[in-house]
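As structure tokens, the structure follows; a few thoughts come after it.
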Amino acid sequence: MLLIGGCGAASLVDEAGDTPLFVYDMNIVERQLQVLRDAMPKELSLHYAVKANPHPGLLERMVRLVDGFDVASGGELARALAAGMDAAHISFAGPGKREDELVAAIDAGITLNLESEGEARRALAIAEKRGRIPRLAVRVNPDFDLKGSGMRMGGGAKPFGVDADRAAALARSLIAAGADWRGWHIFAGSQALDAEALIDTQAATVGLAARLSNEVGASPPLVNLGGGFGIPYFPGDQRLDVAPIGEALGQIMNARPDILSTSKFAIELGRWIVGEAGVYLTRVIDVKQSKGETFVVVDGGLHHQLAASGNFGTVVRRNYPIAVANRYGAPAAEEAVTIVGCLCTPIDKLGDKVSLPAVAEGDLIAIFVAGAYGASASPAAFLGHPPALELLLG
Ligand SMILES: *Cc1c(COP(=O)(O)O)cnc(C)c1O
């Protein structure tokens, strides 16, 4: 039997009451954060990107483990505050912030990472109406991107942030309007497994922050360097070693230009912190044959774990790591099987020609690396099946 956080997968299903089920092991989250603390410069703040996994229990635990939360909607902001994170350590990025979201952010006193001049205008108008001094940072669309990144967020035309050549003018106008200018937010990409590329990006980001600050003529209180640390999903993916990244960042920070001498620095990570802490457990409903191929039909699917189906930001579909939880470690059968979910669409495929021990009705299938962009990043309403259960361990 597969053990998750020291507990058998089947007894976890009993405890939760049913499948499909996401299990998150906080021991793995804590281990990741310890590795990160040990690797990174002591004065660097570690922020958690809530959108990776906004489970309320997980957020409550996370409040004591990281230095800040980055949220991407009014809903995530409400969850961050409910979990007990201090408003002074919450920032809110993301395009298309609605009026009510801006009001909630300004009333709570969190930092808005502004995505455009229009958003700045709306935020300043709301703050004035409510008699508040808003905390505003400028999200910059950098003129470089994170190489080897699974999802590029900078370099070229982007809906995120203000182009680097207009960012200083916007910051100046915020200061002139009497806002509490908090500094820069520069996020260049996601899911990178190349330490050298991440180091190059961090150096370029600090350089850009210094150049823009000199243009403004003011030192930014905070430079949020983004993140982009990736995790291995597929055979051949090399685990990212964060030690050299921390060492290089320490050197970059020590050698930073004078204008940044009093600035604080932060990185914001989602998937690297929680991705490997989650397992998706789903039960086999049917095993059927079609033209010589074996299909294993499970009670879960892409409506819970879209990413494993290959339909969340991937170009080529590849299998996430999969096991038969109740026959963990048993030798593989000769024939590979295809694991499909219970939705009537050919894209609901969770494993293509997977080598597994012989699978039978009632078996429990485990799909790993389900801690980030799982339950909350999947189209749960599609076909009207119930949402997956979630269980927090450790
Ligand atoms: C999504 C996002 C993150 C988190 O990315 P991960 O790949 O999960 O680490 C961080 N910052 C911003 C602005 C984001 O949009």
Seminar exercise, completed: Over all viewing directions the Cα convex hull of the chain casts an average projected area in nm² of 19.5
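Ignoring ligands, DNA and RNA, what accessible area per residue does segment 180-269 give at 1.4 Å, in Å²?
Result: 37 Å² of accessible area for each residue.
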For this session: Mind giving me the FRET efficiency for Cys344 and Thr314? R0 is 25 Å, r the Cβ-Cβ distance, nearest 0.05 is fine.
Result: 0.70
Exercise. What ranking do 30-40, 236-246 get when scored by the average of other Cβ atoms within 10 Å per residue, highest first?
Worked result: 30-40, 236-246
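Relative contact order for segment 276-393: what is it in percent, counting Cα pairs under 8 Å that are at least 6 residues apart?
The value is 37 percent.
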Seminar exercise, completed: Amide H contacts under 5 Å for Leu389, restricted to residues at least 5 apart in sequence or on another chain and with H modeled in the peptide plane, are Leu21, Phe22
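Note down the magnitude of the dipole of segment 119-215 about its Cα centre, charges +1 on Lys and Arg C-beta and -1 on Asp and Glu C-beta and zero elsewhere, to the nearest 20 debye.
640
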Exercise. On a 0 to 90 degree scale, rounded to 10, what angle separates helix 164-176 from the longest Cα axis of the chain?
Worked result: 60
Problem set entry | Amide proton proximity set for Phe265, modelled H, under 5 Å, gap of 5+ | Ser45, Val223
For this session: Assuming a ≥ b ≥ c are the square roots of the Cα gyration tensor eigenvalues, decide whether segment 54-269 counts as rounded (a/c under 1.5), prolate (otherwise, with a/b larger than b/c) or oblate.
Result: oblate
Seminar exercise, completed: If each part is reduced to its alpha-carbon centroid, segment 238-316 and segment 1-50 end up apart, in Å, by 13
Seminar exercise, completed: Karplus ³J(HN,Hα) for segment 370-376 (6.51 cos²θ - 1.76 cosθ + 1.60, θ = phi - 60°; Hz, whole; x = Gly/Pro) runs 10, x, 10, 6, x, 3, 7
Problem set entry | Gyration tensor (Cα) of segment 1-149, equivalent ellipsoid semi-axes in angstrom | 34, 19, 15
For this session: Just the number, please: carbon plus sulfur as a percent of the accessible area of the chain, 1.4 Å probe, no ligands or DNA/RNA counted.
Result: 53
Exercise. Going by a ≥ b ≥ c, the root eigenvalues of the Cα gyration tensor, does segment 77-148 fall in the rounded group (a/c under 1.5), the prolate group (a/b larger than b/c) or the oblate group?
Worked result: oblate
For this session: May I ask for the net charge around Pro387, where only other residues with Cβ less than 15 Å from the Cβ of Pro387 are counted and Lys, Arg are +1 while Asp, Glu are -1?
Result: -3
For this session: Could you please report the charge total around Pro54, scoring K, R as +1 and D, E as -1 over all other residues with beta-carbon less than 10 angstrom from its beta-carbon?
Result: +1
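Treating the beta-carbon of each Lys and Arg as +1 and of each Asp and Glu as -1, no other charges, what is the dipole magnitude of the chain about its Cα centre, to the nearest 20 debye?
The dipole of the chain has a size of about 740 debye.
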For this session: For segment 87-101, take each phi angle, set θ = phi - 60°, evaluate the Karplus expression 6.51 cos²θ - 1.76 cosθ + 1.60, and give the result in whole Hz per residue in order, putting x for glycine and proline.
Result: 4, 5, 10, 10, 10, 10, 10, x, x, x, 5, 6, 3, 5, 6
For this session: For a quick protection proxy, order the peptides 101-109, 332-340 by their average other-Cβ count within 10 Å, most packed first.
Result: 101-109, 332-340
Exercise. Considering only protein heavy atoms, what per residue accessible area in square angstrom results for segment 281-328 with a 1.4 angstrom probe?
Worked result: 46
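The values are calculated or read from the model by the stated rules, or taken from the named source; none is laboratory data. Just so you know, these numbers come straight off a predicted model, no measurement behind them. Please note: Cβ atoms are built from the backbone with ideal geometry, for glycine as well, and neighbour counts cover all protein chains shown. All accessible areas refer to the heavy atoms of the entire protein, side chains included, with ligands and DNA or RNA removed. Shrake-Rupley method; radii C 1.70, N 1.55, O 1.52, S 1.80 Å.
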